[in-house]
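Following: one structure in structure tokens, then a few remarks.
The values are calculated or read from the model by the stated rules, or taken from the named source; none is laboratory data. Since the structure is predicted, the reported quantities are computational estimates derived from the model, not experimental observations. Ideal geometry is used to build each Cβ from the backbone, glycine not excepted, and the neighbour counts take in all protein chains shown. In case anyone asks, the SASA skips ligands and DNA or RNA and just uses the protein heavy atoms, side chains included. Shrake-Rupley method; radii C 1.70, N 1.55, O 1.52, S 1.80 Å.
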Amino acid sequence: MKNSQLWLAGAGLTILQILIGNVMLFYGILPSLLGLHIVLAIAILIIAIYGYLKSKLGIERRILMGNVGLIIVISVLGYLYTFDSNAIILIFHFILALGILSNFSVLYGFDRGQNYK
């Protein structure tokens, strides 16, 4: 799989993850949706780690390591939110998720810009 496809898949899964999170916000935390939310988070984490191991550029590696850190922090915040339904936790959870989406989009732009002919 080419790097640009990997970054696009990461961004797409992140968008899907955000949409599922919004559905859970409005309709309540349903166990099936929560399970899908967790599986997608693991898939995004795998994409970030695989991309880190596959990448050769220093900037890409730093962005992907940032994504791994963001995913871990977001997961902890999501876990905390299940016990304490605090709106501040939810807002940080959402903003950091937008950071992951932004990072994958930047990586996609880097890759497409370098391979533009």
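Taken together, the residues in region 47-61 that are in a helix (DSSP H, G or I), open to solvent by 70 Å² or more (accessible area, probe 1.4 Å) and either in contact with a Lys or Arg (Cβ under 9 Å, 6 or more places away or on another chain) or free of Cβ contacts under 8 Å to residues at least 40 places away in the same chain (or both) amount to 3. Residues in region 79-98 that are over 19 Å from Val68 (Cα atoms) and small (Gly, Ala, Ser): Ser85, Ala87. If you go through region 62-76 and pick out every residue that is open to solvent by less than 40 Å² (accessible area, probe 1.4 Å) and small (Gly, Ala, Ser), you end up with 2.
Among the residues making up region 107-117, those that are open to solvent by less than 60 Å² (accessible area, probe 1.4 Å) and either touching a strand residue (DSSP E or B) at 6+ places or on another chain (Cβ under 6 Å) or in contact (Cβ under 8 Å) with a residue 40 or more places away in the chain (or both) are Leu107, Asp111. With respect to the conditions (1) over 15 Å from the mean Cα position of the chain (by Cα); (2) in a helix (DSSP H, G or I), Tyr116 lacks only one, and its number is (2). Residue pairs whose Cβ atoms lie under 7 Å apart, separated by 6 or more positions or on different chains, with the first residue in region 75-98 and free of Cβ contacts under 8 Å to residues at least 24 places away in the same chain and the second aromatic (Phe, Trp, Tyr), are Leu77/Phe92; Ile89/Tyr81. Of everything in region 21-37 that is out of contact with any helix residue (DSSP H, G or I) (no Cβ under 8 Å at 6 or more places or on another chain) and closer than 17 Å to Ile89 by Cα, the residue that is surrounded by the fewest Cβ atoms within 10 Å (Cβ to Cβ) is Phe26.
Each residue in region 1-20 was checked for being open to solvent by less than 20 Å² (accessible area, probe 1.4 Å) and more than 11 Å from the chain's Cα centre (by Cα), and 3 pass. Just one of the numbered conditions (1) outside any helix (DSSP H, G or I); (2) within 28 Å of Asn115 (Cα to Cα) is not true of Ile29: (2).
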